[in-house]
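Beneath this line is the structure, given in structure tokens, with notes to follow.
Every number in this text was worked out from the coordinates using simple rules, so none of it is lab data. In this text the structure is predicted, and so the values were computed from the model without any measurement. Here the Cβ positions follow ideal geometry from the backbone for every residue, glycine too, while neighbour counts run over all protein chains shown.
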Amino acid sequence: MSALINWKRTVSTLTLSALLLGTHSVADASTTIKEKQEQQKKVKEQRNSVKQNQSNTSSKIEQNTKEISKVQEEVNKMDAQLQDIIYDVAAKRQEIKRTEMKIEDLEADIKGYEKKMIAQEKMMKERMATMQTNGGGSINWAEFIFGSKNFSDLITRMITAGTIQRSDQELFNDYEATRLSLQEAQAALKAERASLLEQQKALEVRQAELEKKMKQREARIKELEEKNIEFETQIFDLQEIEATLIAQEEAIAAEIEAQRREEEEARRRAEEAARQEAARKAEEARQAEAAKAAAAQQAEEARAEAARQEEAAKAAAAQAAAQKKQNSNTNSQSSSSSNQTTQNNVTASKPAAPPAPKPKPAPKPTPKPAPAPKPVPTTPTASAPAPSSAKFIQPTTGRFSQGFGPASGQFGYSFHNGVDIAGPVGTPIRASATGTVIRAGWGGAYGNHVMIAHVIGGQVWTTVYAHMNSVSVSAGQRVTQGSNIGTLGNTGNSSGPHLHFEIHQGSYSYSSSSAGSTVNPRQFF
């Protein structure tokens with residue numbers, strides 16, 4: 001089973017005109033060359049269009065390059081920002097560590113203050129009990145006690161009211177100092193904890209910002225990579241199209257030149273045949289004229305012979321008459337001659353027989369016309385099998401393992417735009433029609449493959465032979481129908497030894513979901 005996945009996908013939007021000479025007679029040769037020149041013109045127009053597309057794509061590539069540079073600058077800036085964030089996070093972590101150490105110290109101080117205050121409160125309670133017992137009746141204890149919020153507030157109120165004796169003043173002042181220190185320590189602890197919380201929140205914000213920046217950076221890098229891939233794909237597509245069109249132009253030029261040579265050879269043969277025919281007719285005319293002259297001469301000679309014989313007959317008749325007259329005179333003078341003499345005279349008196357006519361000369365034989373010269377034998381131009389009368393022939397032997405039409409989509413396409421012919425590796429593959437090779441070699445999912453362009457009856461066709469084991473032709477080479485172009489194989493995106501064969505009506509145009517420009521090859525076999 002064969003399919004184009006990478007290379008075919010690239011070429012699926014392209015229209016590649018492939019042109020080649022079919023078999024034509026001398027009568028329609030000029031028309032065929034004109035058709036080829038029209039096809040050549042179309043290919044040049046396509047190439048100009050490709051160049052324009054290439055120019056447009058180059059502009060897009062330039063824009064993409066600028067965009068890539070812009071993105072790269074942003075990435076570089078983000079890298080710098082990320083470094084700053086990393087430094088800030090590290091600094092915040094150090095600050096948090098220092099704050100945590102301060103909190104530990106403050107907590108230790110608070111514990112010391114609390115322990116000291118407990119001891120001081122115990123001592124002051126004892127002193128206050130003594131004061132109340134030894135004359136503290138002037139102090140309104142109920143007012144101090146119930147008017148105070150806590151023991152510390154009670155001490156503060158008593159110090160403020162001056163109710164504490166001078167001897168106890170130092171104890172109470174020390175307690176008050178401890179209380180203030182405890183308050184300050186607690187306030188500092190609260191502030192440090194708030195600061196720590198703020199720092200933790202700031203760290204979280206920085207971390208979130210860092211993660212966001214990292215994601216943005218990854219997205220930018222991905223975008224950059226995708227643009228680079230798009231850039232490379234566009235370059236590959238343009239190079240592929242231009243190379244194919246160049247090969248097609250060269251193939252067309254070669255075809256026109258080959259046809260001109262064929263026409264020149266046909267013209268030379270026609271001229272040679274015409275010359276030989278003219279020589280044959282001239283020889284026949286000469287021989288006819290010679291026969292006519294010989295017949296006239298024979299007639300003249302016959303007339304002359306007849307006249308001579310007539311003159312001879314007249315002379316003989318005159319001689320006989322004279323002899324008869326003489327014999328008559330002799331008989332009248334000698335009537336007494338003997339019987340023998342009379343007999344002799346009678347015999348002599350008979351007219352002499354005319355002399356035998358001379359035999360007519362045999363007529364001269366009419367010369368036979370000279371045989372017409374034999375045509376000059378020509379050397380065969382190729383040793384390939386004789387082309388078939390069919391438009392296309394089956395390119396190889398084997399079993400049809402998959403037909404033309406809708407497919408399961410298992411291999412990345414939903415339409416099989418050719419036929420698969422399974423067979424042993426190494427089975428010969430033949431050109432389905434006379435044409436010019438436009439591609440030969442490795443081609444991604446196609447593996448080793450050959451593309452041949454044809455012009456049959458003025459119609460452009462393209463045949464594709466994929467998954468070959470070996471290729472025996474090269475781009476630009478002209479092949480005849482039935483000639484060997486390689487062997488069957490299992491290269492590229494192939495699930496077993498077979499030939500994937502396509503016929504495109506017109507230029508090559510692939511579609512993974514429809515027939516595109518392809519037709520069912522089996523209709524021609």
message = Can you find, among Met78, Ala108, Ile96, the residue sitting farthest towards the positive end of the charge dipole of the range 37-129, where Lys and Arg contribute +1 and Asp and Glu -1 at Cβ?
response = Met78
task = Would you please give the residues with an amide H less than 5 Å from that of Ile456, counting only those at least 5 places away or on a separate chain, with H modeled from the backbone geometry?
result = Trp461
ask   = Excluding Met214 itself, what net charge comes from residues whose Cβ is under 11 Å from its Cβ, given Lys and Arg +1 and Asp and Glu -1?
value = +1
ask   = Going by how many other Cβ atoms sit within 10 Å of their own, how do Tyr510, Tyr113, Tyr465 line up, fewest first?
value = Tyr113, Tyr510, Tyr465
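Taking the number of other C-beta atoms within 10 Å as the exposure measure, put Phe415, Phe525, Phe501 in order starting with the fewest.
Working: Phe415 17, Phe525 13, Phe501 24.
Ascending Cβ contact count within 10 Å gives the list Phe525, Phe415, Phe501.
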task = May I ask which of Lys66/Lys215; Lys51/Lys213; Lys60/Lys215 have a Cα-Cα span longer than 31 Å here?
result = Lys51/Lys213
Burial ranking of peptide ranges 66-76, 488-498 (average Cβ count within 10 Å, highest at the top) = 488-498, 66-76
